[in-house]
Amino acid sequence: MKKYFFSIILVLIFTSNDALSQRFYYGRNKIQYTDFDWMVLTTDHFNIYYYPEMKKLAEQGAFYAEESYKILENKFSHTITKKIPLIFYSAHLFFQQTNTTASFLPEGIGGFFEFFKGRVVIPSDGSTFRFKRVIHHELVHVFMHSKIYWVQKNEGKTRQVQPPLWFIEGLAELWSGEWDTQSEMVLVDQVLEGTLVPITSFGAIAGSYLMYKEGENFLRYIEKTYGEEKILMFMENITRGKKFEDVFKLVIGKGYAELNDEWVYSLKKQYYPLLENNEFPRMAAEKVTDRGLNEAPAYHRTEYGDFLYYISNTTGYTNIVKLSLKPGGQKPEIVIKGERTEQYEVIHFLSSKIDINEDGILAFSTKSGETDILYLYDTNANKLVDDFKFPGIITISSPSWSIDKSAIAFAGLNIAGNRDIYTLDIESGFLSQETDDFYDDKNPVWSPDGGSLVFSSSRTAYGEQGAYNLFVKELDTGEIYQITNGLHVDRSPVWSYEGNYLAYTSNRNGVANVFMTHMYEVLPSGNKGRTTTISFESGLGDENKDIGSEDLQNAAIFYEPGETKQVTNFTTGVFDPEFTPEGGLFFTAFERYSYQLRYLENALDIFEEKPILETDEITNDDSDWKPGEIDIVHDQNAGVYEKKYSLDIAQGQVTNDPLFGTNGGARFAISDLLGNDRYFLLLYNNSQTKENIFRSFNFTLMRSLLKKRINYNYGIFHFSGRRFNEADFFFNERYYGGFFGMSYPISLFERFDFSTNFGRSERDKLLDDQERIALLTGAYLSYVKDNSMWGPTGPLDGARYIVTLGKTKDISYNNVSYNTLIIDLRKYFRLSNSTALAVRLMTNINRGREAQRFYIGGSWDLRGYPLWQIWGQEINFLSVEYRFPFIDNFGIRFPFGRMGFGAIRGALFLDAARINDSGSEFTRLDGVEFPRKLGSVGIGFRFNLAGALVLRLDIGKRIQNNFSSISGKTFKQFFFGWDF
Amino acid sequence: MNKKIRTQPNCAKLFLFLLFVSLAVFACASGFRVSPLESDIQWTEIGGDGFHSFAREADDIENPELLFRLKPLSMVGSTIVTGDNTVFCCTQKGYLQAYDLTKGKLLGKIKIKYKMISAPVYDNHTLYFAAVDGRFTINSFDAVRGRFNWRKNLGVFESALTVSGDNLFAANRSGLVYNLDKESGDIVWEYQADSEILSGTIVVDDLVIVGSLKGIISALDKSTGEEVWQYNSGMILRATPSSDGSRIFWGTLDNTLLALDARSGSELWRFNTNGAIYTTPSVTKESITFGCNDGKIYSIDKITGEERWRFDTETVVNTSCITIGSTVYFGALNKMVYGLDAVSGKKIWEFPVEGRVVGNPAYYDGKLIFPVESRFLYVFGQNKN
């Protein structure tokens, strides 16, 4: 993305004297905050790249990788003869910095296999189980890719049918682990809501989590019904069909439609009976939200009423919002705007709770630069009151206030890849690490007496199999004991206001539902006393607080779990329960493929009515599972990473132009395994005669260094050929030299770019004998900002700015000397979810001797005029566009099938430009006078074709005569390209 | 007086004649012919004999050396067979090729155009082979005269062919088992199994035994095709079985090797491994030896089913072993071929090859042949010089 564009635009700008390349590129910045000292660990089948701080995690990963290799070698009946490169990161925030791919890696990406260089890149998130599973998942991709390639190559059919994405990802999920309750939740929701996408339409959900899960489930069905061996046979017979469905017909004897019918029927039989004893969340609980994605509720009572704070994404940006719980359909109000500035760069969705204390201080964490920062925000004063960043802690999740508001507990992931519980004393800023081991600990919550923390952890005996149970840590003694136990996931504990009950979510009976356990405090005397009454009714004064005798205050209270009951019976999953003082429960529910907030008013009453479940058998034994470790002598098998380059691109091309003749060329790119060091070579020849063949070789050789925060590019070039501009008409030019550029990203959204070049330009005009020689140098400095949020055809929110200052000068003969100013400001005012007013202000000025022209015209800027046919040394441009949805989707049904299309969007636009120029012979001959004022007004339609290309049709009228009249003729302009 | 007018030579006719001659020459030039040798081997098929035994009581090859590498046009897709000093291989790209084993030279090839993965049979100088598609999926080729005897389309064949007496037995992807007259290709009888058949048939006495992918093993009367017994293994059968004349040994994809009584179909024992078994066991007087996807070579007492030894290759072995004298030879996916002492299982020989060993080996007159994925046939033997 941005990296490549930056490099290419540099090449174009500074190697083309005509500066046609002044089409600027925005884009966010992939920042390498951290300078990793890469090492390589070599095992039997892998080269594992890691950094020293995560050595232990790398060895664990190596063990799991070798274990997976053995399993997959058997399953695929195939082996991989070269060592597989595995690149590990100890945290997702580090993973996001990788240069192995130019793409941005949002939090939902758990790892990837890049098949060009055969690299597998995987982050850890603190969970050993998930790390192991992702390694296995990605290795399934590696094996599948190798197996299919091997089958095709041996039959000489490498260009034959490829498996579709749903099969690729579905198989990776199928063969990397068991069907889990999260997957179950998604399928149950789809089947019961009637929205299950049939296999014949999997293309419509390509790349989505739903595709992963439906694909996996479909293949599980095939495996169970037709035999596991069939899965391998799809790959072994892949050359025997023109499309993948043919392979299905060959192996199973049935096509997609028939198999889909069977599969859907089996799912209905399986899931419809659930409705007998289970409910949809929205039917059994009160709706709090119903649009967008909403989760992680935090309840706050004030003298002005009750409020709910939660994380929400209804507009494309993730924010923290506040909702008044007064009856009457209140609208949520944004409290923290996420994803627009570095401060709140990413608000973690579905991976971190928020909390608010009774004074209204909201605690939350966001990614800000290299790591997460813990913020405290005063919701009464509407301002930030404090922020905390901790050295060595990369991510912070689920902050939880202590009852006395003096401390916050949270789960922190450190640089070694371990997630532990920490407590922060607010006043002193002192941080204590409460757990310190390889177990994954999260969702801490303070006990009613403030002396303990309850948290979810994999330190249970079942942790190696992915289970999480609840534990209590006594802060004074450091003792940790278990309060739930079993091969299931218990998480997000929360205490009731009276302190009697602990609510949490658990998938012990299927998908995640709310469970509650009556908690008893065991006093130091060993007597199980009545539970301490703690009232948390904020604003009612301290007189209602009764925290017991002084002895009780000072003693370590042991919490013994009593009766446990399942409070909710929902068909799909629920998360993050949050009590109200009256015993009601807010929670996040998954339904209709979204996350919404629901409320159960009488949760405690429901608890009383429910049957008691069998108590978990708590042994309190130390869990004896440990992550596997590779059996090697580390120092003998590890070494410092050394760059080895391999090919990224090799492409040849021949073009023919009626004016400029035939050109042929090639481009190559190589890079090292980590993608930090890249070379590009562009080579082509445009000679018209054989005498000129050597002079007409054009090339650019460039190196890009991307390892550190500041990225560098430098290179050399030689360009020679026939050119045209309005001043000199046709001329031959030979231009050769070198260039250098750097890019400093300030944040994800802003950066400075600097570039300079020097070269000798020999220009030979064809119409006269004049030769112009110049020794040119140029320097350009740009500020770029981009926090735009995109819709289907272009940005709908945020802004994009570029400001560039530059100077180009002939230092030898003074034939060329001009200054450059480019300002391109684009702001998008969101009017509703799908409509926006987009405004663009652009000023491009080149002033001086032999100042180059800018070009405007066409569908991308001044509509209604031919593409790039309006030129001048100074262009001022304004465009105002109202963007709206036109058709959401439509389809055409043919006798042989149905074709579906995505959205068509509309735009009402007004474009206006003022162009000035010192003039040239050409313009004088042409009769063009400067300054010129041109404009257009009209309506446009945009259609996104498969997410890769936007087709544009603009219809309108020109504004002419210096904006004094509108042309009688209507223009129609059809082209492609995203909205500005 | 009428003069006879001399006409110009008819160029079109001349052209056609030359074309005909060229085609005739070309037609004769394709295919191949072998020189029949006096041999005590009546026929060869997968495993070298009618029981698919992958074993020879021959002299040990001391310190086998690479004699030559043969280079078929594409990767060998099926088991190779040898006979009359010739090795025959069917390739993934649809060629049937024959190589002279003395000189290591290509004798000729026949282009079928369709993938061949079914192991052929060489019987009495006639080659029987099958393809997965095309106009003729089962063929009889006279290797001495260099021409086809008969050709038929009987469906998709992926499993090994077998010959017994005057009959050729073949099972296709649709689960149809055919008894064909060797000479004419006429169908003597056909039998429909419960599901597709990917494993080869085997003939023991008067029984033709087939196994379907879903695990049903059926024994059919050789003459009539009537079912004599049936055994439901409950396991996936892809490997071709072998026999010692009274027992059948069958590897399954469910990590188990089965031993059945050939006459009654009763299970004698089963041996569990940790990987899928795609290979045909090598059968000797005392033991059976086979490779497995768990990377091990197992030697099992064929009477009791007790393990005698195992050897760990640390990679996948999905091709059969072959026992020559007192040595077990096999190739693995780690680009190595090995020789193990048949009694102790100790490694006594190994040789690196250029690709994964993906085809079953064959033996002929002191020569050991391995097909390797990089399209080579490695021929090992004792260098007499």
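FYI, it's all coordinate maths here, none of it is from the lab. Everything numeric here is computed off the predicted structure, so don't read it as measured data. In this analysis, Cβ positions are derived from the backbone assuming ideal geometry, glycine residues included, and neighbour counts consider all displayed protein chains.
What order, most packed first, do the peptides A:252-265, B:96-109, B:358-371 have when packing is the mean number of other Cβ atoms within 10 Å of each residue? Intermediate values should be presented prior to the final figure.
On the way: A:252-265: 15.7, B:96-109: 18.6, B:358-371: 23.9.
Ranked from most to least packed, the peptides come out as B:358-371, B:96-109, A:252-265.
Normalising by the residue count of region B:34-381, find the relative contact order in percent from Cα pairs under 8 Å and 6+ residues apart.
On the way: 1081 pairs, mean separation 50.0, N = 348.
Result for region B:34-381 is 14 percent.
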### Task
For chain A, give the magnitude of the charge dipole about the Cα centre (Cβ charges: +1 Lys/Arg, -1 Asp/Glu; no others), in debye to the nearest 20.
6620
### Query
Taking a label point 7 Å from the Cα of residue A:689 along the Cα→Cβ vector, which residues of region A:697-730 have an amide N closer than 20 Å to it?
A:697-698, A:720-724, A:730
### Query
At 222 nm, what helix-only mean residue ellipticity would chain A give, in deg cm²/dmol to the nearest 500, using -39500 (n - 2.57) for each DSSP H run of four or more?
-5000 deg cm²/dmol
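Between residue A:370 and residue A:522, what is the FRET efficiency for a Förster distance of 35 Å, r being their Cβ-Cβ separation, to the nearest 0.05?
Working: r = 44 Å, r/R0 = 1.27.
Using R0 = 35 Å, I get an efficiency of 0.20.
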### Query
Of A:82, B:302, how do they rank once you tally other Cβ atoms within 10 Å and put the fewest first?
A:82, B:302
### Message
What distance in nm separates the two pseudo spin-label positions at residue B:35 and residue B:382, each 7 Å out from Cα along the beta-carbon direction?
### Response
2.3
### Query
What ranking of A:77, B:223 emerges when the number of other C-beta atoms within 10 Å of each C-beta is taken as an exposure proxy, fewest first?
B:223, A:77
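Using 1/(1 + (r/R0)^6) with R0 = 25 angstrom and r between the beta carbons of residue B:15 and residue B:111, what's the FRET efficiency to the nearest 0.05?
Details: r = 26 Å, r/R0 = 1.03.
Once the sixth-power term is evaluated, E becomes 0.45.
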### Rounded Å value of the spacing that divides the Cα centres of region B:294-356 and region B:191-244
27
### Message
Just want to confirm a number: the relative contact order over region A:826-980, from Cα pairs under 8 angstrom separated by 6+ residues, in percent.
### Response
19
### Selection from B:290, B:358, B:264, by position along the positive dipole direction of the protein assembly as shown (Cβ)
B:358
### Summary
Residue separation between residue A:330 and residue A:724 times 0.36 nm, minus their alpha-carbon distance, gives in nm 135.6 nm
### Query
What is the antiparallel percent of DSSP beta bridges lying wholly in chain A, to the nearest 5?
95
### Task
Measure nothing but the geometry: give the 0 to 90° angle between the long axis through the Cα atoms of B:11-29 and the longest principal axis through the Cα atoms of chain B, rounded to 10°.
20
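Given +1 on the Cβ of Lys and Arg, -1 on the Cβ of Asp and Glu, and no further charges, what dipole in debye does region A:826-980 carry about its Cα centre, rounded to the nearest 20?
Values: 22 positive and 12 negative charges, 85 e Å.
Rounded to the nearest 20 debye, it is 400 debye.
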### Query
Which chymotrypsin sites (Phe, Trp or Tyr not before Pro) in region A:53-120 pass both tests, a DSSP loop state and at most 16 other beta-carbon atoms within 10 Å?
A:104, A:115, A:116
### Query
In whole Å, how far is the Cα centre of region A:838-910 from that of region A:467-499?
58
### Message
5 Å is the cut-off here: which amide hydrogens, built 1.01 Å from N in the peptide plane, fall below it relative to residue B:193, excluding neighbours closer than 5 in sequence?
### Response
B:176, B:177
### Query
Considering the zone a paramagnetic label at residue A:405 would reach in this model (a point 7 Å from Cα along the Cα-to-Cβ line), which residues of region A:366-384 have amide N under 12 Å from it?
A:378-381
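What FRET efficiency comes out for residue A:617 versus residue A:257 if R0 is 51 angstrom and r is the Cβ-Cβ distance? Round to the nearest 0.05. Mind dumping the intermediate values first?
Values: r = 50 Å, r/R0 = 0.97.
The formula returns an efficiency of 0.55 here.
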#### Entry: Alpha-carbon centroids, region A:361-437 and region A:673-705: separation in whole Å
52
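When the chain is fully extended, how far beyond the present Cα-Cα distance does residue A:929 get from residue A:160, taking 0.36 nm per residue of separation? Intermediate results must be reported in sequence, preceding the final value.
Working: separation 769, 0.36 × 769 = 276.84 nm, distance 5.87 nm.
So the chain would gain 271.0 nm between residue A:929 and residue A:160.
Which whole-number percentage describes the relative contact order of chain A, with Cα contacts under 8 Å and a sequence gap of 6 or more?
Details: 2381 pairs, mean separation 82.0, N = 980.
In percent, rounded to a whole number, it is 8.
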### Task
Report the label-to-label distance for residue A:382 and residue A:918 in nanometres (one decimal), using points 7 Å from each Cα along the Cα→Cβ vector.
5.3
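With a cut-off of at most 14 other beta carbons within 10 Å, and DSSP calling the residue loop, which chymotrypsin sites (Phe, Trp or Tyr not before Pro) in region A:762-814 qualify? Please list them. Walk me through the numbers on the way to the answer.
Working: sites: A:780, A:783, A:790, A:801, A:813; in loops: A:813.
For chymotrypsin sites (Phe, Trp or Tyr not before Pro) across region A:762-814 that sit outside H, G, I, E and B with at most 14 neighbouring Cβ atoms in 10 Å, the list reads A:813.
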### Amide H partners (placed H, <5 Å) of residue B:348, local residues excluded
B:339, B:340, B:341
### Query
Where Lys and Arg each count +1 and Asp and Glu each count -1, what net charge lies around residue A:863 among other residues with Cβ under 15 Å from its Cβ?
+3
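Let me have the 222 nm mean residue ellipticity of chain B computed from DSSP H runs of 4+ only, each contributing -39500 (n - 2.57), with the sum over all residues rounded to the nearest 500.
Details: 1 runs with 19 residues, N = 385.
Computed ellipticity for chain B at 222 nm equals -1500 deg cm²/dmol.
Determine the percent antiparallel among the DSSP beta bridges restricted to region A:425-496, to the nearest 5. All intermediate terms of the calculation are to be shown ahead of the outcome.
Details: 13 of 14 bridges.
Looking only at bridges with both residues in region A:425-496, the antiparallel portion is about 95 percent.
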### Task
Quick one, could you list the DSSP H helices from chain A stretching 15 Å or more along their long axis (Cα atoms) with average Kyte-Doolittle hydropathy of 1.6 or above?
A:2-15
### Task
With a ≥ b ≥ c taken as the square roots of the eigenvalues of the C-alpha gyration tensor of region A:281-609, please select rounded if a/c is under 1.5 and otherwise prolate if a/b is larger than b/c or oblate if it is not?
rounded
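I want the local charge near residue A:950. Using Cβ-Cβ distances under 13 Å, sum +1 for each Lys or Arg and -1 for each Asp or Glu among the other residues. Present the calculation step by step, with values, prior to reporting the outcome.
Values: positive: A:883, A:905, A:942, A:952; negative: A:954, A:979.
Counting the neighbours of residue A:950, the net charge comes to +2.
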### Message
Quick check on the protein assembly as shown: what does the Kirkwood estimate of hydrodynamic radius come out to from the alpha carbon pairs, in Å?
### Response
36.9
### Query
Label points 7 Å out from Cα along the Cβ direction at residue A:282 and residue A:225: separation in nm?
3.0
### Message
Need the full-extension length gain, residue A:884 to residue A:712, defined as separation in residues times 0.36 nm minus the C-alpha distance. One decimal, nm.
### Response
57.9 nm
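Listing A:452, A:761 from the residue with the fewest other Cβ atoms within 10 Å to the one with the most, what is the order?
Details: A:452 24, A:761 20.
By the 10 Å Cβ count, ascending, the order reads A:761, A:452.
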### Task
Write out the trypsin sites (Lys or Arg not before Pro) in region A:258-305 meeting two conditions: DSSP loop, and at most 15 other Cβ atoms within 10 Å of their Cβ.
A:291
